[in-house]
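Asker: Shown below is the structure under consideration.
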Amino acid sequence: MTPVDARLRQIRMLALLICALSLLVVAVSAWLRLDAAGIGCAPWPECYARLLTADPSPLHYGFARLLHRAVASSALLLTLLLVWRCLRPQPLQPAARYAVLLLLLMLALSALGFASADPRRALVGALNIVGGLGLVTFSWRVAMAAGACAPVSTPVTDPFLRIGVGVLTLAVLMGAWLGATYSAPACPSLPFCEMKAWNLAEGLRALDPFQRLQAAAMPGDAGGTTLHLLHRGSAILSLLLLGGVAARTRWPAARVVAGLLVGVMLLGMVAVASVGSGFELWLIVGHGAAAALLLAAVATLLRR
């Protein structure tokens, strides 16, 4: 084994370890956020998101929060080592580029943590959710660049693939915004939502990134149901587009993406069906963790 091969192997192992730790961070942070919001509390949904009506309380450092801090700190230290191995003695591209982006994202999320104590800041919550998913994706990209899997010959100019990935991105963003705005109870039915009334102004107000939350979106809320329908509609459309790519091309990565997308959607549907029971907390945590794996699979599909 040449020195370069040994270095690439070390980078690959570091990146895979960071990817696993990042996935754990995503799951634990989702559990902390959902547990604090009161998923499954009684009486449902009146008890949900009561933390929005009071001043932010001091953080309780139980086992889950300490685990989150320990895993996130370990991932950061390993990422510093990863960047150093990618850059010295000479940069190994594209692994070095993705490693630096991963480190910058971790530092940004660490800085964002100082603003996360107030749950009424919807934008901060959404950025935390999306940033956590990004940690898994970027660490997996480093592992791929160091040779974790064989190159994929994918014509990314395929319009169905490009549109499907774009629509899937919208679905992920809407899912993060649903969680950050405490809109889970707004649509407890499948496949459609029951709205008391709807108008364009209320729908756009729900998408306002600078809104300061005062209360959770209750069943029938026009803004909350708008978010649910956007999330569900874009997820279904992305499945049709990416599933079509998988059926037409038979690329293994495309099949993995389609399969994971089906799994993510099923977890979301079961969580909606059991809303208010308490069991859906773990289903939603699994929904978020599976979404992180889905985005990593999309990165594999788009690799050139």
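The values are calculated or read from the model by the stated rules, or taken from the named source; none is laboratory data. The structure presented is a predicted model; accordingly, all values stated were derived computationally and were not measured. Quick reminder, even Gly has a Cβ in these numbers, built from the backbone with ideal geometry, and neighbours come from all protein chains shown.
Asker: Determine which single condition Ala30 fails, assuming it passes every other condition in (1) in contact (Cβ under 8 Å) with a residue 24 or more places away in the chain; (2) more than 29 Å from Gly224 (Cα to Cα); (3) assigned to a helix (DSSP H, G or I).
Answerer: (2)
For (1) touching a residue at least 40 places away in the same chain (Cβ under 8 Å); (2) under 20 Å from the mean Cα position of the chain (by Cα); (3) under 26 Å from Cys19 (Cα atoms); (4) part of a helix (DSSP H, G or I), each residue gets a yes or a no:
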{"site": "Ala246", "(1), (2), (3), (4)": "no, no, yes, yes"}
{"site": "Ala253", "(1), (2), (3), (4)": "yes, yes, yes, yes"}
{"site": "Val256", "(1), (2), (3), (4)": "yes, yes, yes, yes"}
{"site": "Gly259", "(1), (2), (3), (4)": "no, yes, yes, yes"}
{"site": "Leu293", "(1), (2), (3), (4)": "yes, yes, yes, yes"}
{"site": "Val298", "(1), (2), (3), (4)": "yes, yes, yes, yes"}
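Asker: How many residues, within the stretch 165-194, are surrounded by 18 or more Cβ atoms within 10 Å (Cβ to Cβ), in a loop (DSSP other than H, G, I, E, B) and of a type outside the set (Ser, Thr, Tyr)?
Answerer: 3
Asker: So, one more: If you take the residues of the stretch 79-112 that are in a helix (DSSP H, G or I) and of a type in the set (S, T, N, Q), which of them is surrounded by the most Cβ atoms within 10 Å (Cβ to Cβ)?
Answerer: Going through the qualifying residues, I end up with Thr79.
Asker: Give the stretch 214-223 a look and list any residue that's within 14 Å of Ala49 (Cα to Cα) and buried (at least 19 other Cβ atoms within 10 Å of the Cβ), or say none.
Answerer: Listed by number, the residues that qualify are Ala216, Ala217.
Asker: Select from the stretch 262-304 the residues that are of a type in the set (Gly, Ala, Ser) and in contact with a His (Cβ under 7 Å, 6 or more places away or on another chain) and write down the one among them that is modelled with the lowest pLDDT.
Answerer: The residue in question is Ala271.
Asker: Going through the stretch 166-190 one residue at a time, which ones are more than 16 Å from Leu34 (Cβ to Cβ) and in contact with a His (Cβ under 7 Å, 6 or more places away or on another chain)?
Answerer: Result: Ala171, Met174, Cys187.
Asker: If you go through the stretch 114-145 one residue at a time, how many are under 23 Å from Ala184 (Cβ atoms), among the hydrophobic types (A, V, I, L, M, F, W, C) and in a helix (DSSP H, G or I)?
Answerer: Number satisfying all stated conditions: 10.
Asker: Scan the stretch 248-261 residue by residue and report those that are basic (Lys, Arg) and modelled with pLDDT under 85.
Answerer: Hit for the stretch 248-261 is Arg250, nothing else.
Asker: While we're on this one: Given the structure, is Ala111 in contact with a Lys or Arg (Cβ under 6 Å, 6 or more places away or on another chain) and at pLDDT 85 or above?
Answerer: no
Asker: Check the stretch 70-78 and report whether any residue there is among the polar types (S, T, N, Q), at pLDDT 80 or above and either out of contact with any helix residue (DSSP H, G or I) (no Cβ under 6 Å at 6 or more places or on another chain) or surrounded by 13 or more Cβ atoms within 10 Å (Cβ to Cβ) (or both).
Answerer: Yes: one or more hits.
Asker: Which one is farthest from Gln93 (Cα to Cα) among residues in the stretch 150-161 that are surrounded by fewer than 13 Cβ atoms within 10 Å (Cβ to Cβ) and modelled with pLDDT of 50 or more?
Answerer: Pro159
Asker: Condition test on Ala15, is it over 21 Å from Ala126 (Cβ atoms) and crowded, with 20+ Cβ neighbours inside 10 Å?
Answerer: So Ala15 passes the test.
Asker: Please identify the pairs in which a residue from the stretch 97-126 that is without any contact (Cβ under 8 Å) to a residue 12 or more places away in the chain has its Cβ atom under 7 Å from the Cβ atom of a residue that is in a helix (DSSP H, G or I), counting only partners at least 6 apart or on another chain.
Answerer: Once the first residue is without any contact (Cβ under 8 Å) to a residue 12 or more places away in the chain and sits in the stretch 97-126, its partners that are in a helix (DSSP H, G or I) give Ala115/Val124.
Asker: Related question: With respect to Ala271, is the statement that it is surrounded by 20 or more Cβ atoms within 10 Å (Cβ to Cβ), in contact (Cβ under 8 Å) with a residue 12 or more places away in the chain, of a type in the set (A, V, I, L, M) and assigned to a loop (DSSP other than H, G, I, E, B) true?
Answerer: No, not satisfied.
Asker: Kindly indicate whether Leu239 is under 19 Å from the mean Cα position of the chain (by Cα), of a type in the set (A, V, I, L, M, F, W, C), farther than 15 Å from Ala176 by Cα and at pLDDT 90 or above.
Answerer: In short, yes.
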